[in-house]
1. Under a straight-distance cross-link criterion of Cα-Cα below 14 Å, which aspartates and glutamates are reachable from B:Lys99, leaving out those fewer than 8 residues away in the same chain?
2. Might you report the magnitude of the Cβ-based charge dipole of chain A about its Cα centre, with Lys and Arg at +1 and Asp and Glu at -1, to the nearest 20 debye?
3. Provide the per-residue ³J(HN,Hα) series for region B:155-162, in order, calculated from phi with Karplus coefficients 6.51, -1.76, 1.60 and θ = phi - 60°, each as a whole number of Hz, with x at glycine and proline positions.
4. Quickly work out the A:Thr95-to-A:Ala30 label distance, labels modelled 7 Å from Cα along the C-beta direction, and quote it in nm with one decimal.
5. Along the charge dipole of region A:61-194, pointing to its positive end and built from +1/-1 on Cβ of Lys, Arg, Asp and Glu, which listed residue (A:Leu105, A:Leu146, A:Thr72) has its Cα farthest out?
6. Sequence-distant or interchain residues sharing an amide H contact under 5 Å with B:Asn94, placed H: which?
7. Relative to a virtual label point 7 Å from the Cα of B:Leu23 in the Cα→beta-carbon direction, which members of region B:168-204 show backbone nitrogen distances below 18 Å?
8. Taking beta carbons within 10 Å but only from partner chains, what does the mean come to for residues A:162-173?
2 protein chains.
Amino acid sequence: MRIPDHIGVIPDGNRRWALSHGLTREKGYASGLKPGLEVFKLCKKVGVKELTFYGFTMDNTKRPSTQTEAFTKACIDAVEMLSREDASLLVVGNTESPKFPRELLKYTRKRHKFGKGGLKVNFLVNYGWHWDLYNLKQKKVKKSKLQKYLNSSDISRVDLIIRWGGRRRLSGFLPVQSIYADFYVIDDYWPDFKPEHFYEALAWYDKQDITLGG
Amino acid sequence: MRIPDHIGVIPDGNRRWALSHGLTREKGYASGLKPGLEVFKLCKKVGVKELTFYGFTMDNTKRPSTQTEAFTKACIDAVEMLSREDASLLVVGNTESPKFPRELLKYTRKRHKFGKGGLKVNFLVNYGWHWDLYNLKQKKVKKSKLQKYLNSSDISRVDLIIRWGGRRRLSGFLPVQSIYADFYVIDDYWPDFKPEHFYEALAWYDKQDITLGG
């Protein structure tokens with residue numbers, strides 16, 4: 001089976017999950033932590049080399065503060081949880097805004113080794129697609145090197161994006177690295193994650209041709 | 001029913017269609033002309049305001065010349081066909097390359113009115129995502145105005161992308177305008193277009209929420 005080198009995860013549906021369980025919207029985020037760890041472990045098991053999670057975006061921070069506080073806390077807790085594993089973490093996002101959690105600043109400068117290191121995990125926190133594209137400068141950029149001028153330049157091309165929660169859109173997720181990515185959507189909400197979702201996405205990916213636009 | 005203002009069409013599967021009919025690959029493109037006109041007419045009928053077709057990309061031009069010649073001719077023929085309708089055409093792509101068909105140069109400078117004008121049609125010809133992003137300059141660009149510095153700046157945000165031929169990826173289609181687009185995939189090949197495909201995509205789009213990342 002052909003395994004993607006780099007998987008992007010859009011863990012959507014936390015709020016809808018909370019509502020469907022009679023909870024207020026912001027209560028859904030904490031239930032997204034365990035699925036994140038499970039996906040991480042499955043990636044290690046099958047030999048994925050890089051994993052990018054869509055934490056929250058600059059767009060998302062316009063939501064009510066009960067929600068922004070809850071998803072920010074979930075991101076901090078996720079990193080805390082990951083710190084007990086073997087992983088190599090990079091947090092990518094706009095740190096020049098008060099919305100960026102200070103607790104995660106130290107992971108933005110360079111990749112941080114937890115335990116023995118290993119699987120690269122990228123965590124998009126207060127990420128914005130316009131922020132990402134903002135440093136592209138015309139004169140000095142060779143076309144083939146364009147990716148190096150992204151604010152997310154340490155994140156490589158994504159092979160497979162898996163989105164939970166049924167929406168079929170990228171919602172600003174790494175527009176340049178996602179150019180050739182195959183996009184698989186799972187209708188279940190992210191807190192209802194099951195390992196079968198992951199294997200189903202891998203099986204689908206295995207059947208795709210890879211042309212990189214050629 | 002909520003109708004998208006702007007639909008993007010990725011008319012994929014021409015070569016696979018040709019092979020499945022015992023033809024050589026390049027024979028599929030001519031059969032994609034009629035579907036294009038049908039989609040155009042359906043868009044007018046339901047009130048879509050802007051329609052963008054993915055003609056061919058700079059990536060595509062690396063294919064064998066029998067194929068590049070065939071898809072270039074199909075693009076020229078498509079514009080010829082559209083010139084007999086009421087439409088407002090803009091061709092967008094890298095004109096500074098010999099791969100760009102000279103016959104279409106005059107439609108790249110400004111929007112060209114055919115007949116009484118009306119529905120805006122954008123046709124991506126020798127388009128490349130890196131080419132598109134190449135003019136973004138850091139210092140003079142306000143974040144909110146980033147789109148104005150794209151080479152495709154005359155093309156507005158896309159609401160719904162419909163891709164024929166079963167592939168679930170954007171393949172470099174307008175990365176910035178597609179940030180929030182809902183993405184609908186039809187398994188049939190483009191030359192097998194049926195109006196039902198279009199209505200099925202519209203019915204699906206009608207059920208999506210529109211958050212623009214919020």
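Readers should treat all values here as calculations from the given coordinates under stated rules, not as data from a laboratory. Predicted model only: the values in this text are computed from it and were never measured. A quick note on method: Cβ atoms are made from the backbone with ideal geometry, for glycine too, and the neighbour counts reach across all protein chains shown.
1. B:Asp59, B:Glu69
2. Rounded to the nearest 20 debye, it is 920 debye.
3. Values per residue, Gly and Pro as x: 9, 8, 3, 8, 8, 9, 10, 10 Hz.
4. 3.0
5. It is A:Leu146, whose Cα lies furthest towards the positive end.
6. Here B:Tyr127, B:Gly128 satisfy the definition.
7. So the set is B:188-194.
8. On the way: counts 0, 0, 0, 0, 2, 5, 10, 12, 8, 7, 5, 2.
Counting other chains' Cβ atoms within 10 Å and averaging over A:162-173 gives 4.
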